[in-house]
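The values are calculated or read from the model by the stated rules, or taken from the named source; none is laboratory data. Quick caveat, the model's predicted, so the values are computed rather than measured. Cβ: placed from backbone, ideal geometry, glycine included. Neighbour counts: every protein chain shown.
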Amino acid sequence: MSSELTLGALTWLRLVRFTNRSRQMTDAFLKRFGLTTAQFDVLAQIRAFQPLNQLELAKKVTVTEGGISRMLARLEKEGYIVRQREWKTNTIRLTPKGEAVMDRAFPAQMAFQSSFFDEALSKEELQQLYALVTRLEKHSRTKPLPPVDGP
């Protein structure tokens, strides 16, 4: 088994573990603001691109298209967003309550996420890591799956 663990495989495992741990910590951190990670993502996208429609929003977030309807209904019920009919399209905007929670949560979340890197890496290391991860992410967009072996 250990002979199958290449440096690439070990690196992937570290990235997965870091991502999982970061996600767990982010979930706990955002609870302080009464938000889930998915809600934060949706509110951040609405804030950045408002007004926008549900289809535009679904393309920008990590929530599935089916989940976006339920998410928007909940955010609307909690008073964070308003959906308005503008001609033939329903648009989504943050309410004053949504703006207020994002005024608090967004800078805190960005600082928290940055701290993972700022506390462990030098500026040069972080620049190098950013360039490498960017290259990997771009490569992953066009990488085909390997053929299936056997039946």
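Here is how the numbers come out for the structure above:
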quantity	calculated
Close pairs from segment 74-101: first of a type in the set (A, V, I, L, M), partner modelled with pLDDT of 95 or more and in a helix (DSSP H, G or I), Cβ under 6 Å, at least 6 apart	Ile81/Leu75; Ile81/Gly98; Ile92/Ile46; Leu94/Ile46; Leu94/Arg47
Matching residues, segment 1-43, being within 14 Å of Ile68 (Cβ to Cβ) and either in contact with a Lys or Arg (Cβ under 6 Å, 6 or more places away or on another chain) or in contact (Cβ under 8 Å) with a residue 12 or more places away in the chain (or both)	Ala38, Gln39, Asp41, Val42, Leu43
Exclusive hit being touching an Asp or Glu at 6+ places or on another chain (Cβ under 6 Å) and either surrounded by 11 or more Cβ atoms within 10 Å (Cβ to Cβ) or of a type in the set (A, V, I, L, M, F, W, C) (or both), set Ala58, Ala73	Ala58
Contacts under 9 angstrom Cβ, first residue in segment 125-147 being free of Cβ contacts under 8 Å to residues at least 40 places away in the same chain, partner assigned to a helix (DSSP H, G or I) and acidic (Asp, Glu), 6 or more apart	Leu126/Asp118
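Conditions tested, residue by residue: (1) of a type in the set (Gly, Ala, Ser); (2) closer than 16 Å to Gln50 by Cβ.
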| position | (1), (2) |
| --- | --- |
| Thr89 | no, yes |
| Leu94 | no, yes |
| Ala111 | yes, no |
| Lys123 | no, no |
| Leu129 | no, no |
| Ser140 | yes, no |
| Pro144 | no, no |
